[in-house]
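The values are calculated or read from the model by the stated rules, or taken from the named source; none is laboratory data. On a predicted model such as this, the values are computed, not experimentally measured, just so you know. When we count neighbours, we look across all protein chains shown, and the Cβ atoms used for this are built from the backbone with ideal geometry, even at glycine.
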Amino acid sequence: MYLAPEGEELEIATAAADFIADALPIARLHEGGGSDMGAELRASLGEMGWFALALDEDRGGSGLSAVEHALFFREVGRQCGPLDILVQALGVQCAQDLTLRAELVAGESGVALLMPDSDRHRLIGGTEARYGLFVTPQGAALHDLSVAKIEPRPALDPANSLAIVSGLGPAIATRDGAQIWQLGQVGTAAMLLGLAEAALDLIVEYAKVRETFGKPIGAWQAVRHTCADMAVSNEGARSQLWYAATALKEARGDASAHLDAAKHLANEAAQFATDSNIQLHGGIGVTDEHDAHLLMKHAALLARLFGSRNDLLARLLHAELED
Amino acid sequence: MDLRFSDEDRDFRARARQWLAANVPSTPRPAGGHSASQFDRDWQRKLYEHGWAGVAWPKEFGGMGLSGLQQVIWYEELSRAHAPAAHVSTTYVAQMHAGPTVIARGTEEQKAFHLPRILSGESLWCQGFSEPGAGSDLAALRTSGRIEGDHLVVNGAKMWTTDAMYADWMELLIRTDPDSQRHKGLTWLAFDMKSPGIDIKPIRTMLMDDHVNMVFFDEVRVPLSAVVGELGGGWSTAMATLSFERGLGFIADQLELFEKVGRAIELASELKDADGRPAIEDVEIARRLATIKAETMAIRAMTLADIAETDRTGIPGPKGSMMKLKVTATHKALSRLVSDILGWQFFEFDGNRNNNLWTHDFLWSWVFSIAGGSSEIQREITADRVLELPRSR
């Protein structure tokens, strides 16, 4: 029993942190860097093998587990990384055909997420993506977007582009079972955790230097106590995510219940932390030049995916848990 | 990361479960009074005689020397078996605080005298730390002890002393240097509750009980041999136990909460609301239950993460305050929710916890978030030690 990154897990987490901070620092979103991965970054992530981290070795992946997957996407979240990095990694899991899988692993073509929205779909992530991935707890399907009609829409969250898709053709690859959904839950929960941690770090650093009424705002209890509450909810979300990812790795019978709890706690922690981070910064917190709104907008989007609040809670209520 | 318990730990769980199934008292703990403290002594005696006493204590002092993880298993099994809960027992201060303090700082004579008596349930202890003017701010305490020959003469008052009337001993923290300030000049005493000159006055609480007291000291003579640790080094003695506890002070509460949510879900399935529908069919009730279930899962994960880390490093982390904040807030949310599920039954309360445990628990939720360092103090500690923010004081 051990519930923190150790050994090679730490090495992967450090490598991921370095790579992500260099390749897609959050500052890119202030420099007109645009949304989504883009072809160049996708190719470079593919070259490093990041999309195949949790893919079995006999299918051409690194054969690592949901734990390493979580550690990587936590770093993506910390930099407000686009969702399509995760969707690409899930698409890799869905592709059965060797050529298609190799194309996605290498990042030669992109995958964006399809979400049902009445009689059409929303597309989250690259509008130039070649494929759309549709995921439920029962299975996943890859669709070729070249035949579909894609109507770009303005996006609140600058990290991801948004479009409406109609006339979606038949699936070109499908995979039954919960596995892709579960990796999606781990990935989004980890990104939300990273966002929550980044928000807490920002306000803690600011609270040490910004002074009001003659002392640092971090010495005022109104600020300190909210920061403490953020730390508590982040700690709960982090511990539960490690638990859930390890339960998935060990194929425990209660893994899906722990994933639902982990996603719920990550949703709550990220939305609380990114909200409080803006509030405690005061006026500077609502400016465009600050990172605070980027974290909040990205968290709001990710909280809708792979189990929104009501879905998660409904499943969790009667779920059985093991020792 | 790894969720698997070792073979040794799994074997320990099986043995604990088997023994508890055969030995948990068939009658509930009396709600209060001497019969409750006698019940606690009897249960402690039984644990002692069968080798289950002192789960956290080192073997050389008669304990079981369990790892942190094995203690988690023990408390989970206690809760699952509906065994007498360690944290509502009059043995709590002796087991979790006074005993460990004597182990850490006592003389050989003090250890030889007190430790076996605590383990066997012969000695019950209470805690004489808080005062009318020193609660969260413990270092403001003023109860004094002046040295006369080989004795200390104690004057002053202690407050919020749980179960003082049933205790044989008190861990008493007083100011022995009248010119000292704050944390200096304090002394920790193993105080005999039979000493002449003390007066115990119960404080009636909103729980309709008298579990806490004021204890007055009027020229009470205490032999210097009762000093544990250094004369004037009482703050250090009082803090010594914290490292021993390894963040496990609230472990029983943490893990019991996990069990309680399961019972609340059962209750909501059985009880019908005013319209004759099971409470759980109400979407809001169902979502609140699931929300709290997720929180208790996080609390269990935090507990396991923290304890596994401490087992590995031997050094307790600074996360105990965060744990207490989360546990007390979740406990409060759960008892508030169950009050809605119970309907009018919630309001039928005569002060006897056995007659209506949930309403008692609801009232207790404020005791829990205030006693042992209020939530506001826990936020201060978290801000100081975990986030390293500038000091507020």
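Go through region B:189-223 and count every residue that is of a type in the set (Asp, Glu) and in a strand (DSSP E or B). So the count comes out to 4.
Considering B:Asp192, B:Asp275, B:Asp282, B:Asp218, which residue is loosely packed, with under 14 Cβ neighbours inside 10 Å and free of Cβ contacts under 8 Å to residues at least 60 places away in the same chain?
B:Asp275
Evaluate the following for B:Trp19: is it closer than 27 Å to B:Cys126 by Cβ, away from chain A (no Cβ under 14 Å) and of a type in the set (Phe, Trp, Tyr)?
No, not satisfied.
Looking only at residues of region B:381-393 that are surrounded by 17 or more Cβ atoms within 10 Å (Cβ to Cβ) and more than 7 Å from chain A (Cβ to nearest Cβ), we find that the one that is modelled with the highest pLDDT is B:Asp384. From (1) in a helix (DSSP H, G or I); (2) within 19 Å of A:Gly187 (Cβ to Cβ); (3) in contact (Cβ under 8 Å) with a residue 12 or more places away in the chain; (4) more than 8 Å from every other protein chain (Cβ to nearest Cβ), pick out the condition that doesn't hold for A:Trp242. A:Trp242 satisfies all of (1) in a helix (DSSP H, G or I); (2) within 19 Å of A:Gly187 (Cβ to Cβ); (3) in contact (Cβ under 8 Å) with a residue 12 or more places away in the chain; (4) more than 8 Å from every other protein chain (Cβ to nearest Cβ) except (4). Of everything in region A:18-67 that's surrounded by 15 or more Cβ atoms within 10 Å (Cβ to Cβ) and free of Cβ contacts under 8 Å to residues at least 12 places away in the same chain, which residue is farthest from A:Glu289 (Cα to Cα)? Once the filter is applied, the top-ranked residue is A:Gly33.
Each row is one residue, and each column tells you yes or no for (1) assigned to a helix (DSSP H, G or I); (2) hydrophobic (A, V, I, L, M, F, W, C).
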residue	(1), (2)
B:Ala290	yes, yes
B:Ala294	yes, yes
B:Ile307	yes, yes
B:Arg312	yes, no
B:Pro316	no, no
B:Lys332	yes, no
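Residues in region B:40-93 that are on the phi > 0 side of the Ramachandran plot and within 15 Å of the chain's Cα centre (by Cα): B:Gly54 alone. Within region A:92-120, being crowded, with 24+ Cβ neighbours inside 10 Å and touching a Phe, Trp or Tyr at 6+ places or on another chain (Cβ under 6 Å) holds for A:Val92, A:Val111, A:Leu114.
Scan region A:64-80 residue by residue and report those that are acidic (Asp, Glu) and in contact with a Gly (Cβ under 9 Å, 6 or more places away or on another chain).
If the condition is that a residue be acidic (Asp, Glu) and in contact with a Gly (Cβ under 9 Å, 6 or more places away or on another chain), then A:Glu75 is the only one that fits.
Could you tell me whether B:Lys326 is at the interface with chain A (Cβ under 9 Å from one of its Cβ atoms), under 30 Å from A:Asp311 (Cβ atoms), of a type in the set (Lys, Arg) and assigned to a helix (DSSP H, G or I)? Considered against the rule, which asks whether it is at the interface with chain A (Cβ under 9 Å from one of its Cβ atoms), under 30 Å from A:Asp311 (Cβ atoms), of a type in the set (Lys, Arg) and assigned to a helix (DSSP H, G or I), B:Lys326 comes out as yes.
In region A:7-17, how many are loosely packed, with under 15 Cβ neighbours inside 10 Å and either of a type in the set (Asp, Glu) or in contact (Cβ under 8 Å) with a residue 60 or more places away in the chain (or both)?
The number of residues fulfilling the criteria is 2.
Within region A:271-321, restricting attention to residues that are of a type in the set (Ser, Thr, Tyr) and in a helix (DSSP H, G or I), the residue that is farthest from A:Ala228 (Cα to Cα) is A:Thr274. Evaluate the following for B:Asp306: is it of a type in the set (D, E, K, R), farther than 16 Å from A:His258 by Cα, touching a helix residue (DSSP H, G or I) at 6+ places or on another chain (Cβ under 8 Å) and at the interface with chain A (Cβ under 9 Å from one of its Cβ atoms)? Spelling it out, B:Asp306 is indeed of a type in the set (D, E, K, R), farther than 16 Å from A:His258 by Cα, touching a helix residue (DSSP H, G or I) at 6+ places or on another chain (Cβ under 8 Å) and at the interface with chain A (Cβ under 9 Å from one of its Cβ atoms).
Out of all the residues in region A:270-300, which are within 21 Å of A:Gly32 (Cβ to Cβ) and among the hydroxyl-bearing types (Ser, Thr, Tyr)? Of everything in region A:270-300, just one residue is within 21 Å of A:Gly32 (Cβ to Cβ) and among the hydroxyl-bearing types (Ser, Thr, Tyr), namely A:Thr287. The combined condition, being touching a helix residue (DSSP H, G or I) at 6+ places or on another chain (Cβ under 9 Å), among the hydrophobic types (A, V, I, L, M, F, W, C), within 30 Å of A:Ala66 (Cα to Cα) and within 14 Å of chain B (Cβ to nearest Cβ), is fulfilled by A:Leu202.
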